[in-house]
1. Filter region 49-73 for residues that are surrounded by 11 or more Cβ atoms within 10 Å (Cβ to Cβ) and in contact with a strand residue (DSSP E or B) (Cβ under 8 Å, 6 or more places away or on another chain); which is farthest from residue 3 (Cα to Cα)?
2. For residues that are assigned to a helix (DSSP H, G or I), in contact with a helix residue (DSSP H, G or I) (Cβ under 7 Å, 6 or more places away or on another chain) and under 17 Å from residue 64 (Cα atoms), tally how many sit in region 7-46.
3. Considering only residues that are within 12 Å of the chain's Cα centre (by Cα) and in a helix (DSSP H, G or I), look in region 53-64 and name the one that is farthest from residue 21 (Cα to Cα).
């Protein structure tokens, strides 16, 4: 997935546990785990806002974009003639 979640890194820097962060932002520890592992398909802006508020960070501190590499260019390795 091209969106990388660095939430665990920021949590380590701020020395906060998953259970404490989940409690303070108002989501279950299970949902926080889904987010931390990158398995979440979406995040509400209100949740992102609370995470940034508690961790005193910017969204870019916990989210990063890394484009997927495509093999063989636009045509999947086949050359059009």
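1. Residue satisfying both the conditions and the ranking: 62.
2. Count: 6.
3. 60
Read the figures in this text as sums done on the coordinates, not as results from a lab. Just so it is clear, the model here is predicted, and its values are computed rather than measured. Using ideal geometry, Cβ is built from the backbone for each residue, glycine included, and neighbour counts are taken over all protein chains shown.
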